[in-house]
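Worksheet for the structure shown next.
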Amino acid sequence: MPRYLISFENGAMDHILEEDIADVGKAAHAVCQEAKDAGVFRFAGGFQYANGDVEHAVVGTDGVVMDGPYPESKELIGGVLIVDVPTRDDALFWAGKIAAACRCPQDVRKFMDDPDLVE
């Protein structure tokens with residue numbers, strides 16, 4: 001089945017009040033559990049950029065490591081959910097659930113099919 005990346009940008013949840021963060025976390029975990037129960041969950045996680053110390057690096061084709069943020073880098077990702085579902089509509093369904101839980105819009109992208117990389 002196709003796999004989809006559902007993600008949001010770093011900072012997309014900045015509007016959430018500190019006292020509401022725990023509820024958002026519980027709601028997001030509940031969606032992930034629902035996806036597990038449905039057999040479509042593959043991975044989920046967030047990225048931490050604590051105290052402005054971005055744990056991000058870019059490795060060039062020459063092997064040189066540049067600690068981020070790197071000017072040519074795209075927006076930093078805040079969190080991801082990967083689902084394995086039969087259709088784009090199914091991916092959009094799960095994106096809607098996680099968007100409601102996380103209180104921010106979600107980006108949905110389909111992974112390219114590569115039979116050599118599928119388990």
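The values are calculated or read from the model by the stated rules, or taken from the named source; none is laboratory data. A quick note: this is a predicted structure, and the numbers were derived from the prediction, not measured. Please note: Cβ atoms are built from the backbone with ideal geometry, for glycine as well, and neighbour counts cover all protein chains shown.
In segment 2-19, the qualifying residues are those that are more than 16 Å from the chain's Cα centre (by Cα) and surrounded by 13 or more Cβ atoms within 10 Å (Cβ to Cβ), and the one that is nearest to residue 85 (Cα to Cα) is 2.
Yes/no per residue for (1) in a helix (DSSP H, G or I); (2) surrounded by 11 or more Cβ atoms within 10 Å (Cβ to Cβ); (3) at pLDDT 85 or above:
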{"position": "73", "(1), (2), (3)": "no, yes, no"}
{"position": "81", "(1), (2), (3)": "no, yes, yes"}
{"position": "94", "(1), (2), (3)": "yes, yes, yes"}
{"position": "112", "(1), (2), (3)": "no, no, yes"}
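Which one is farthest from residue 105 (Cα to Cα), of the residues in segment 1-37 that are assigned to a strand (DSSP E or B) and in contact with a Lys or Arg (Cβ under 7 Å, 6 or more places away or on another chain)? Step by step, filter segment 1-37, then rank; the result is 3. Across segment 1-32, what is the total count of residues that are at pLDDT 95 or above and among the polar types (S, T, N, Q)? Of the residues in that region, 1 qualify.
Taken together, the residues in segment 41-71 that are at positive phi, at pLDDT below 80 and part of a loop (DSSP other than H, G, I, E, B) amount to 0.
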